[in-house]
Amino acid sequence: MLLLYTPTSPYARKVRVLAHELGVPLPVKPVDPLADDPVLLAASVVGRVPVLLLDDGTRLIDSRVICDVIEDRAGRGPSTFEARAQEATAEAVMDSALFVVMSRRRPEGERSAAAMDREVTRIRRTLGAFDGVRSPVDGEPLDRVQVGLATSLAYLDFRLPDIDWRRGHDALAAWLAAVSARPSMASTAPPSP
Ligand SMILES: N[C@@H](CCC(=O)N[C@@H](CS)C(=O)NCC(=O)O)C(=O)O
């Protein structure tokens with residue numbers, strides 16, 4: 001297996017953290033999606049990371065699909081529908097954050113403040129759903145919901161520190177501090193912005 005990724009992509013980090021947690025070896029190769037990297041486009045018409053290349057030539061896009069493969073390689077049964085919905089909820093934070101990050105990179109006249117505000121509101125509202133998230137248990141791997149949430153929150157810290165997501169979410173802030181110390185998170189941290 002080989003994962004095409006960027007060190008700053010939260011979706012790729014989610015996959016890498018899960019592989020680390022479940023003890024699945026996952027070699028990686030950096031590509032540049034924003035420069036239409038030919039290696040990436042040869043593997044995926046969509047041209048987004050992550051992409052997983054399997055040894056039999058199969059190419060798989062989308063972090064949730066790739067997480068399915070990693071769970072399977074780890075000999076785990078599929079996550080429940082409820083867990084998958086919670087994972088999607090955590091990923092919505094990532095989607096909204098990425099929208100704001102990419103909007104901010106546009107020239108001023110090409111951004112919509114209203115659209116960005118709407119996504120920040122979605123982030124704040126969604127985080128409320130995780131105030132009682134399960135704490136990591138010693139000796140047990142993180143599950144997909146925990147991995148999705150941790151990588152989403154870490155992405156907010158990385159790219160949108162000004163939105164101050166910790167305000168009103170003390171328990172979640174303490175949760176992230178504990179999870180961030182795990183080798184899976186420490187070894188996949190993005191380079192300084
Ligand atoms: N739903 C996809 C989202 C992947 C995604 O949006 N990746 C971003 C990087 S964080 C990307 O490659 N963007 C390049 C582009 O949009 O051109 C997944 O879960 O894998």
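Rule-based calculations on the coordinates, nothing more; no lab input. Treat the numbers as computed from the prediction; the structure is a model and nothing was measured. Don't worry about glycine lacking a Cβ; one is built from the backbone with ideal geometry, like all the others, and counts go over all protein chains shown.
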DSSP beta bridges in segment 2-73, what fraction antiparallel, as a percent rounded to 5? 65
If I build a Gaussian network model for the chain, linking alpha-carbon pairs within less than 10 angstrom, which residue out of Glu91, Glu21, Glu110 has the largest mean-square fluctuation? Glu110
How large is the Kirkwood hydrodynamic radius of segment 2-73, in angstrom, based on all distinct alpha carbon pairs? 12.0
For segment 40-138, report the % of Cα-Cα distances exceeding 24 Å. 44
Taking the DSSP beta bridges in the chain as the whole, what percent of them are antiparallel, to the nearest 5? 65
Taking the Cα centroid of segment 137-167 and of segment 61-86, what is the distance between the two, rounded to the nearest whole Å? 18
Under a GNM of the chain (C-alpha, springs under 10 Å), which listed residue has the highest mean-square fluctuation: Leu22, Leu34, Leu52? Leu34
With the Cα gyration tensor of segment 81-186 in hand, give its eigenvalues times 5 under a square root as the equivalent ellipsoid semi-axes, listed largest first in whole angstrom. 26, 14, 12
Working note, the chain: Cα radius of gyration (Å, one decimal) and Dmax (Å, whole number) are 16.6, 51
Rounded to the nearest 500 deg cm²/dmol, what is the calculated helix-only ellipticity per residue at 222 nm for the chain, with -39500 (n - 2.57) per DSSP H run of length n ≥ 4? -16500 deg cm²/dmol
Separation between the Ser180 and Leu2 pseudo-spin-labels, each 7 Å from Cα along Cα→Cβ, expressed in nm? 3.4
